Amino acid sequence: MESNGIRLTPLSDSPKYPEAQMQLRAPIAGATLQSGEVAFDYQITNFQLTKMSGGPNMTQMANSMKGQHIHNIVDNEPYSAHYETRFSKAIPDGQHVVLSFLSRSYHESLKHRGAYDLRIINVGSATPAPATPMADLKAPHLFYSRPKDTYAGADAKRIMLDFYLVNTTLEPGGNRVRATINGIEFMIDRWLPYQMEGLPAGENTVKLELVDSSGTMIPGPYNSVTRTFTVAP
C-alpha cells in the first residue's frame, strides 16, 4: 500500500515460534495490590528472552541489542520492555488493564494464542474497585505497540507498525484496522506487522482504529489510539 509517498509493506517472513508460551503467574487476575510497585512474575516456555531473533527484519529495522523480551502494556499506554521473567513496575492506584506479550528482538509481537496475557488488576486498597470493570475482556480490543520514541540513521529508513488484537481477527469484508499516518489513511485487513517507508524527518503521527466492515469504530476503551514518534533528520 502506498499513498502520498508513504509505503506500507506487510512483513510475514519473521522467524516463527509457534510453540512459545507465556503465563503470567503474578499478579493474579482481579487481585487488589498494595500501592506503588507491582511485582510481575512470568513463566515462559519454548522462547528465550535476550536471544537475538535473527531473520532479515532484524537488520532492516530498529533492533534491541538486549534481544527478545516481554512487552508490558498498562491501559494501552506506551509499553515497557523486560528481559527477565520477574520485575517490578510502578503503577498508579486504581483499576488497570494489563496486556503482556512476547516480542522478537526487533519488537515484533508474537500473535498466537498462548503468547499473550490480558487481565485486570486493582492497585491501592484505599481505592475500591468499581462495580463494573473498566473493560470487558471478552470484547474485541486493539492495543498499540510500535512505533515508539525516536528513530535515527538506518533505523529511520524502515519503521515497524505493529499492534495487538484480542478477541477479533481481520479480513477483507470484516473487521479491519484503519491506520492514519500523518493524515493519510490506510485500511489494514490482515493482522501482520507492517514496514513503513517514506516518513519525513521530525514528528510523525499514527492513529489506529479498530473498525467493522462498514468502517464504523468498534466500541472499546482502547480501539482508537493516537501516538507520535520522531524521525531524526
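The values are calculated or read from the model by the stated rules, or taken from the named source; none is laboratory data. Note that the coordinates shown come from a computational prediction; the quantities given were computed from them, not determined experimentally. Glycine also receives a Cβ, built like all others from the backbone with ideal geometry; neighbour counts cover every protein chain displayed. To get the accessible areas, we keep the full protein, side chains included, count just its heavy atoms, and leave off ligands, DNA and RNA. Shrake-Rupley method; radii C 1.70, N 1.55, O 1.52, S 1.80 Å.
Worth pointing out:
- Taking every alpha-carbon pair in the range 28-111 and binning the separations at 5 Å intervals from zero gives 3, 13, 24, 23, 16, 11, 7, 3, 1 percent.
- Between residue 112 and residue 19, the simple label model (points 7 Å from Cα in the Cβ direction) yields a spacing of 1.0 nm.
- Radius of gyration and Dmax over the Cα atoms of the range 137-233, both given in Å: 13.7, 43
- Computed from backbone phi with θ = phi - 60° and the Karplus coefficients 6.51, -1.76 and 1.60, the 3J(HN,Hα) list for the range 29-38 is 4, x, 5, 9, 10, 5, 4, x, 6, 9 Hz; x is used for glycine and proline.
- Ellipsoid fit via the Cα gyration tensor, the range 52-177: semi-axes of 28, 19, 13 Å, each the root of five times an eigenvalue, largest first.
- Each residue of the range 67-74 was assigned a 3J(HN,Hα) from its phi angle through the Karplus curve 6.51 cos²θ - 1.76 cosθ + 1.60 (θ = phi - 60°); the sequence is x, 5, 7, 10, 8, 10, 10, 10 Hz, with glycine and proline shown as x.
- Separation of the range 44-95 and the range 176-225, taken as the distance between their Cα centroids, equals 22 angstrom.
- Amide H contacts of residue 26 (H built 1.01 Å from N, under 5 Å, at least 5 apart or other chain): 41
- Here the Karplus curve 6.51 cos²θ - 1.76 cosθ + 1.60, taken at θ = phi - 60°, turns the phi angles of the range 176-190 into couplings of 9, 10, 8, 9, 10, 10, 6, x, 9, 8, 10, 9, 9, 10, 9 Hz, with x standing for Gly and Pro.
- The Cβ shell under 15 Å around residue 121 holds other residues with a net charge of -3, Lys and Arg each +1, Asp and Glu each -1.
- Partners of residue 148 within straight-line reach, counting lysines whose Cα lies under 20 Å from its Cα and excluding those fewer than 8 residues away in the same chain: 66, 89, 111, 157, 207.
- Counting only heavy atoms of the protein chains and using a 1.4 Å probe, residue 64 has close to 10 Å² of accessible surface.
- In the chain the Cα-Cα distances spread across 10 Å bins starting at 0 as 7, 31, 36, 21, 4, 0 percent of all pairs.
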